[in-house]
Structure formats: structure tokens, C-alpha cells
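The values are calculated or read from the model by the stated rules, or taken from the named source; none is laboratory data. Predicted, not measured: the structure shown is a model, and the values here were computed from it. Note that each Cβ is placed from the backbone with ideal geometry, even for glycine, and that neighbours are counted across all protein chains shown. Accessible surface is based on the protein model in full, side chains and every heavy atom, while ligands, DNA and RNA are left aside. Shrake-Rupley method; radii C 1.70, N 1.55, O 1.52, S 1.80 Å.
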Amino acid sequence: MNDEKQQDAGVPEGPPEKSAVIAFTLNGTAVTVHATPDRRVIDLLREDLGLTGSKEGCGTGECGACTIMVDGRTRLACLMVAAQLEGRTVETVESLADSDTGRRVRDAFVTHGAVQCGYCTPGMAMAALAVVRESPEADRPAIREALSGNLCRCTGYVQIIDAVVHVASEER
Amino acid sequence: MRPVLFPTTLAALFDIVEHQPDARLMAGGTDLLVRLRQGPADRRPLICLERMARLNGITTENNTVIIGAATPLSAIIADPLVQRHCPLLARAAATVGGPAIRNMATLGGNICTASPAGDTLPPLYLLDARLDLAAAHATRQVPIAAFITGPGRTDLRSGELLTAIRIPMAERFGLQHFEKVGRRNALAIAVASLAALIRLTPGGRVAEARLAWGSVGPCVVRCSEAEARLTGRRLTSETLRAAGAAARAAVTPIDDIRATTAYRRDLVANLPLRLGAAT
Ligand SMILES: Cc1cc2nc3c(=O)[nH]c(=O)nc-3n(C[C@H](O)[C@H](O)[C@H](O)COP(=O)(O)OP(=O)(O)OC[C@H]3O[C@@H](n4cnc5c(N)ncnc54)[C@H](O)[C@@H]3O)c2cc1C
Ligand code: FES
Ligand code: FES
């Protein structure tokens, strides 16, 4: 059933785009959205819901700029479809300042100079939030590993790792 | 627009498959969604496996670890049963992508993708993993080495689903090593990898050795010649070099954007030397 060769050539036909009703919790608020079920979550967030914090760098899972949390675990919004969110709890960088830990991540990024152009920052901050929440005991190598799916073209990473090491030490 | 379906039982899934035979299965989507993006749009439905409780989770039965096909790699890496009975698999899974990819990517997806660079495959070959396959009216069990038939090719039949991976407990192998060489440390596709299961006698000689290389041929290369060079000996750099030389002759690596054939052959020969450091 997965044979790519079955794929029809040419323009898909059939009824116009049908939208689905998808209900989930977004940054602490219950939301219901109408979207085509296979809409990419990054597009749903940025274009339909106006939450432009999450960025699209590569669209293929390699840069981490679109990192969000679903049910408390990091996920890539470029590799999820909208229907997958039904009933889930979604957190994006827009909710970073809603928790003490999130505010500490934000403040540490600022004070450590971990933000230059800022394009990687939303994804980086969510990956950072995940690691300090889940394992505040994480040492520097563990934190590097936790951020290893997030690319930054500006900072050279040292400032970012410093910031997260600092937050982890505060959380312990 | 593609419809997206979330069956929660096998019966519901096979019902969808029967009525919409062109539907695609999606586990974590980390291979499939990247692939679909590259092709033209179509209307073939996606059948998501993520809400099928039966496909998610890890249990043991008759000295076998049973991993649901849609279990995410991060759950496998953290699982105490896996860490105890087949740490080799956890080590290899931990090198796939980055943390968010591992929260999404599943073991079943890694197997069905059948990439020559699939990092869980060399361990699964060495661990003698068997795959549970189910169709609407039939089930069967196939050893991993028979299931993977070529690069990107498997013996998965139309209408069939991989439900679980069965791994005989392997703690008698005190040395379980996985090493991958990529272009960088994180998020790197393997240029070459080595998986090893070694059982040493109390005196430090090799009682049993299993070695497999990834990314250096169309499928995983298990090399009995190399294994024989270790058996009965100590893991000195001399014996490890001999094993590496045997493997170098057995592999057929390709030139690609990640590395040349010659470099891959050198890696194949040199990777076993790390086993000396790992003891
Ligand atoms: C940025 C990035 C980095 C990556 N790095 C690595 C890496 O380092 N090493 C590595 O090995 N891989 C890597 N991958 C590839 C991918 O993440 C893995 O192969 C992953 O395990 C695929 O699992 P999935 O659940 O996401 O599969 P999916 O994309 O959901 O499915 C893949 C294929 O398998 C089929 N399938 C899935 N589950 C089943 C089932 N139960 N029964 C039948 N068919 C099924 C699907 O129909 C599809 O054809 C990477 C991918 C990305 C995007
Ligand atoms: S945009 Fe999702 S990982 Fe790059
Ligand atoms: S600050 Fe520019 S990419 Fe990280």
C-alpha cells in the first residue's frame, strides 16, 4: 500500500479542499481550527493562527527552527500535519514567558548574548525549555546533546549552551 | 489535500486499507513527509499509526523483548528493558537525527524505510530481530535480514503492516558497541557504521563475536570472516586489524556526496579498532 509507483501522474481531481475541525490546547488555551487535515503544522501556526514565532528554516527536519512542544515533548512543526494535533497540548515560543522556567530561559538567552539574528532562537528556546524542564540535572554535554537538532548560523553555540547551563543550574 | 486517518485498532486500520488501498501508512512521518514534499501533490490518504495503542510500547515474553512498531526511538532509548537486554539497539537509536526527530521517528519507520544508512538496522541484524507482520486475514514472522531486500526495498506486501519487532534477549554479550561516522556529530547520516556484539570468556578471550557494518553496501553487511578472526582471541589491535581487513574485502561501498568508496573502505577496516578502546 506504500508503493510510490501507484501514484497517479497529473493534476489531482475531486472536490475542492475539504477542511477538518481540529480541537487542541494551544499555549494554555483551548482552540478549534478549520484546516485541511494535511496542512503542515508550521503553516497552521504561522499563517492560520498568526503565531509567527516558530520559524521555517529547512522544511525537512534538519534545522530545528520550527521546534514546538506537543504533549510536553519537542517536535518539528514542519514534519507534522494539522490533524495530528487533535486533542493534544501544543506549546510554542509565544508561551515561553508564561512559566517561571520559560522566563528564566528567555532572560538567560538575553544576558548571555545567545541571540544574534534570532532566527534559530524560537526553536532553540523550546529545545532548551524541554531539557531544563525534563532533566535539570543535565550537565554541559547533555545540554549540548539536547540542543543538537537546532542549528545556529550566528552565535557559534557557546553563548547558547552557556545560557542553558545557567538555567539548568537555577532549576536544580 | 490528503485525508488523514487515525485508526485505533487493527480492525479499523485494515478496514481503511481494504476500502482505500492507495492509502499510505505514516508512523512518525520523518521519512514519509520529507519524501512527499519532494513529489507532486496527490489525494492518497495518510493512515497515521500514532494512536494505535497496540503498536506502541515495549514488553518482554519468553526471553524476547517485543517493541511495538510505532514506538518512538526516544522511548526505546530510555526504556529499562532495552537498556538491560539489548543496549546495542538503544545506542544506535540514540544516533538518529536530533532529539525532536527521535521523539517522532519510530523503529518500524526506520525498518520499513530500509535505507542503507538506517542506523537501527545493523543492530537488528546482529540481534536476530524478527518482525511481526499483519494483514487483514493473515500474520507472518520474518527475520529482519529476509525482510530488507535492497536499498529502500522490503518484503512488505500490499495491505500489510509491521506490528512489532521481536528481539531475543542478548545480555550474554557483555560488549555491545555501535559507532557511526558521519560528516558531523549531530544530525548526520552515516558514512559508515559498525555494530558489534561480543561475548568474552572470564579470561578475556572472545567466545562469540557478531559484527555488522552499515552504509557500506545496498544492505547491512554482516561479515562472518571478520567474526572468525576474533573468535578465541583477545581484542588486541592486531586481531582487530585482521578483522577489519577481512571486512574491507567483503564490502561494496559506493561513492556519493558524503564520501568516496576508498574512504568508506578505510573506515570499514578501521572501525573495529574502537572495540579495543571499548573493553
Ligand atoms: C533531519 C533528519 C535526520 C535523520 N537522521 C537519521 C539518522 O541519523 N539515521 C537514520 O537511520 N535515519 C535518519 N532519518 C530518517 C528517519 O528519521 C528514520 O528512518 C525514522 O526512523 C523513520 O521513522 P518514522 O516513524 O518517522 O517513519 P515514517 O516516515 O512514518 O515512515 C517511513 C516509511 O515506512 C512506512 N512505515 C512506517 N511504519 C510502518 C509500519 N508499522 N508498517 C508498515 N510500514 C510502515 C511508511 O509507510 C513509510 O513508507 C532522519 C530524518 C530526518 C528528517
Ligand atoms: S523548518 Fe523544521 S526543522 Fe527546519
Ligand atoms: S542567532 Fe542567528 S541563527 Fe542563531
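What is the mean number of Cβ atoms from other protein chains located within 10 Å of the Cβ atom of each residue in peptide A:48-60, rounded to a whole number? Please list the in-between numbers first.
Working: counts 0, 0, 0, 0, 0, 0, 0, 0, 0, 0, 1, 3, 6.
Counting Cβ atoms of other protein chains within 10 Å of each residue's Cβ and averaging gives 1.
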Modelled label-to-label distance, B:A145 and B:A53, 7 Å Cα→beta-carbon offset: nm? 3.8 nm
For the stretch B:130-279, what does the alpha-carbon gyration tensor say about shape, rounded, prolate or oblate, given a ≥ b ≥ c as the root eigenvalues, a/c under 1.5 as rounded, and a/b over b/c as prolate? oblate
Order the following by accessible area, largest value first: A:T121, B:T59. Probe radius 1.4 Å; ligands, DNA and RNA are ignored. B:T59, A:T121
Using the charge dipole of chain B (Lys, Arg: +1 at Cβ; Asp, Glu: -1 at Cβ; taken about the Cα centre), state which of B:L194, B:T163, B:T71 has its Cα farthest towards the positive end. B:L194
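Rounded if a/c is under 1.5, else prolate if a/b beats b/c, else oblate: with a ≥ b ≥ c from the C-alpha gyration tensor eigenvalues square-rooted, which is the protein assembly as shown? Show your work: numbers first, answer last.
Working: a/c = 1.86, a/b = 1.25, b/c = 1.49.
Oblate, since a/c reaches 1.5 and b/c is not below a/b.
Would you work out the relative contact order for chain B, in percent, from Cα pairs under 8 angstrom that are 6 or more residues apart? Before the final figure, lay out each step's value.
Working: 602 pairs, mean separation 39.9, N = 279.
Relative contact order here is 14 percent.
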Please state the relative contact order of the stretch A:69-146 as a whole percent: Cα pairs under 8 Å, 6+ residues apart? 30 percent
How much of the accessible area of the protein assembly as shown, probe 1.4 Å, is carbon plus sulfur, in whole percent? 51 percent
What are the ³J(HN,Hα) values, in whole Hz, obtained from phi via the Karplus relation 6.51 cos²θ - 1.76 cosθ + 1.60 with θ = phi - 60°, for each residue of the stretch A:134-151 in sequence order, with x given for Gly and Pro? 6, 9, x, 6, 4, 8, 4, x, 5, 6, 4, 4, 5, 9, 6, x, 10, 8
Assigning unit charges at the beta carbon (Lys, Arg +1; Asp, Glu -1) and nothing else, what dipole magnitude in debye, to the nearest 20, does chain A show about its Cα centre? 380 debye
Roughly speaking, what is the centre-to-centre gap between the stretch B:225-243 and the stretch B:71-129 when only Cα atoms are used, to the nearest Å? 27 Å
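Can you work out the FRET efficiency for the pair B:A135 and B:D256, with r the C-beta to C-beta distance and R0 = 51 Å, to the nearest 0.05? Display every interim value, and only then the final one.
Values: r = 35 Å, r/R0 = 0.69.
It comes out at approximately 0.90.
Nearest 500 deg cm²/dmol is fine: what mean residue ellipticity at 222 nm does the protein assembly as shown get from its DSSP H runs of n ≥ 4 alone, each adding -39,500 (n - 2.57), divided by its residue count?
Working: 17 runs with 143 residues, N = 451.
Here the helix-only value at 222 nm equals -8500 deg cm²/dmol.
When the solvent-accessible surface of protein heavy atoms is calculated with a 1.4 angstrom probe, in what order do A:S54, A:S19 fall, highest first? Please report the intermediate quantities before stating the final value.
Working: A:S54 5, A:S19 75 Å².
Result of the area sort, largest leading: A:S19, A:S54.
On a 1.4 Å probe surface of the protein chains, which of A:C78, A:C117 comes out largest in accessible area, and what is the full order?
Working: A:C78 5, A:C117 95 Å².
My answer, sorted largest first, is A:C117, A:C78.
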At q = 0.14, 0.15, 0.19 Å⁻¹, base-10 log of I(q)/I(0) for the stretch B:55-168 (Debye sum, equal scatterers on each alpha carbon): -0.50, -0.58, -0.95
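Once you charge only the Cβ atoms, +1 for Lys and Arg and -1 for Asp and Glu, what is the size of the charge dipole of the stretch B:1-140 about its Cα centre, to the nearest 20 debye?
Using only the charged Cβ atoms, the result is roughly 260 debye.
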Using 7 Å Cα-to-Cβ label points, what is the B:S158/B:V34 separation (nm, one decimal)? 2.9 nm
Between A:T25 and A:C117, with labels modelled 7 Å along Cα→Cβ, what's the label distance in nm to one decimal, could you check? 3.6 nm
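Would you please classify the overall shape of chain B from the alpha carbon gyration tensor, given that a ≥ b ≥ c denote the square roots of the eigenvalues, rounded means a/c under 1.5, and beyond that prolate means a/b larger than b/c while oblate covers the rest? Write out the running numbers ahead of the final one.
On the way: a/c = 2.23, a/b = 1.62, b/c = 1.37.
Since a/c reaches 1.5 and a/b is larger than b/c, the shape of chain B is classed as prolate.
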